[in-house]
Every structure is written in C-alpha cells, then in structure tokens.
Amino acid sequence: MAKRWISVAAGLILVGIGGAALYGFNFGKPLNEYHHKWEFRSGDLKELSIAFDSQASTIEFQPSADGKNSVLIEGKAKQEIIDRIGNVRVSGGALKIDMKERFRWFNFNFGPFVNDKQHVVVTLTEEAAAALDTLRFSTDAGSMTVNGAEARAADFSTDAGSIRVDGFEGETLKLHTDAGRIAGTDIRADLNAKTDAGSIDIQHLTGTAKLSTDSGSVKLLKDDTTGADIKTDAGSVRVQIPESYEGTFDLKTDAGSVTAPDAKGTSPEVIKVRTDAGSIRVSYTE
C-alpha cells in the first residue's frame, strides 16, 4: 500500500513539472531591469491607468520644475512585459500601461527578485495636473503606495495586499483590496474604502467617508463636518470629528460598548457606524 501511494505521489509531481514546463511557470528566473519614460504636453493627459502584476508598487506625484510633463516607470520585469510597455503611447488623452503577465495560471516565482518594487514618478505642471481627470492603479498581488496624487476621480485596487495613500486631492477616491490593510493621510475627496480582511486607518480626511471591512478595526479622523458611513463585521471603530460638527449620530453594535458626545442635530449630516462585534467610540478632535 505504501509503495502504491509513493507511486501516485511521484506521478503527481511529474504531472506538476510537466504543467510548469508547458505553461511557462517561472521558478526563479531573474527579471530584467527596465526604465521607460513618456513625455507629453500640458493638457494632453486626461487618464493614467497602470495595471501591475504581482509586485509591490510605489507611485509618486511631483510638480514639474522645468515645465516638462512625464511619467517614469522603472523596476524589474520579464522581457515580454518590457517590450510591451515600450510600445505604449499617449493616445486619445490616455496613457494605459499593462504590466500583467499573460497566459499565466499561477505565480510560482520564488527567485531572488520576487520582492522587487515597480516605481512610478509622475511629474506635472500645474496646467497638466489640472487637466488630469482619472487615475486607475491596480495590482494582482502586492502592496501599493500612492503619494501626492491629484485628479478628479481615482480608483486604486489590489487583489491581495495593502494600500496606502499619502496626500490626495480630487472629487472621489476609491480604495479596494480583497485582503490587506488600507491607510491614508491628508485626503481631500469623498472617500470609498473597502477591504474584505484588514483594518482601515484614515487620518485627516476632508470629504465624506464610506468605509467597510469584513474583519478589522476602523479609525477615522475627519477635518470637516461632512458625514460618514462605517461598517465592520468584527472590529472596533474609532471616529474623531471637529467640535463644529452639528449633525447626528447613528451608532449600533451587537456586542460592544458605544461612546459618543451628545448630538447637536442642527444639520443633516450623519455619522453612521455598524459593527457586529466591537466597540464604537466617537469623540471630538483634541
């Protein structure tokens, strides 16, 4: 019987190796370095979209010091991806960069470069920054950090990994991860943030907030008096608001304590919080 199981196991291993060879799984093959830059005139770029594969990414926005506009991306990737992005152009007001590996079933890259980051630097004049309407950044697996972005609407997402946004100004900002922490500071926009498994920590938000996590705590510090809608199935919620807030509170937990100041109720704004298991605390900013 033992020999039979050994034979079955050996057969499965051979099938796996055959599949890896057939579908081109990467078992540690070194990636190639790349450095690519797009330059464009002010007003030519309305949409910037970048789809990363399974590596961490950092996207930084900075003002132009010489009147030139550019998007620089660098890091390490497979040669087929490097060749592909080398053919990308700004077209119809959009720059769409696809870093995803095609025809890959699973990621088996256990090589020394698996933790390499993709680094993006967006340099814009004031005119070019004002013309930028939409930002879309996504990654299959890996953390994402975005610094100093400005656009009318932005959507940042990852299937598995944390998201951090430091400094954003626009009308709407959407953050989503299936598994990972969401953090943000100095955000001036209406915010929609959702994680299926992880905490949410937003500091200094000017704009409405819709925050949701299936499992994790939520912290929110607001700099204005607009409302908020917060939900967690399992986790505590802490909200800090200015003393000038004149709206109401709608706070409910199935298992936990609720602490909040007396509501003034002289304006239509609502701070709504729901948690199935966890405490709720609302307080004025110290």
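All of the numbers you see were taken from the coordinates with simple rules; none came from a lab. Bear in mind the structure is a predicted one, so any value in this text is a computation, not a measurement. In this analysis, Cβ positions are derived from the backbone assuming ideal geometry, glycine residues included, and neighbour counts consider all displayed protein chains.
Here segment 31-149 carries DSSP beta bridges of which approximately 40% are antiparallel, counting only pairs with both residues inside. Computed from the C-beta positions of residue 215 and residue 263 and an R0 of 35 Å, the FRET efficiency is 0.75 to the nearest 0.05.
Here r is the Cβ-Cβ distance between residue 80 and residue 224 and R0 is 45 Å; the resulting FRET efficiency, rounded to 0.05, is 0.45. If R0 is taken as 41 Å, the Cβ-Cβ distance between residue 39 and residue 255 corresponds to a FRET efficiency of 0.10.
As a length-normalised measure over Cα pairs under 8 Å and 6 or more apart, the relative contact order of segment 31-149 settles at 49 percent. For segment 48-83 and segment 233-286, what is the separation of their C-alpha centers, rounded to whole Å? Comparing the Cα centres of segment 48-83 and segment 233-286, I get a distance of 40 Å.
Restricting the calculation to Cα atoms, every distinct pair contributes to the Kirkwood radius of segment 31-149, found to be 14.8 Å.
How would segment 137-178 be classified by its alpha-carbon gyration tensor: rounded, prolate or oblate, with rounded meaning a/c under 1.5 and the a/b versus b/c comparison settling the rest? Since a/c reaches 1.5 and a/b is larger than b/c, the shape of segment 137-178 is classed as prolate. When each of the peptides 124-130, 38-44, 198-204 is scored by how many other beta carbons lie within 10 Å of its residues on average, the order from highest to lowest is 198-204, 124-130, 38-44.
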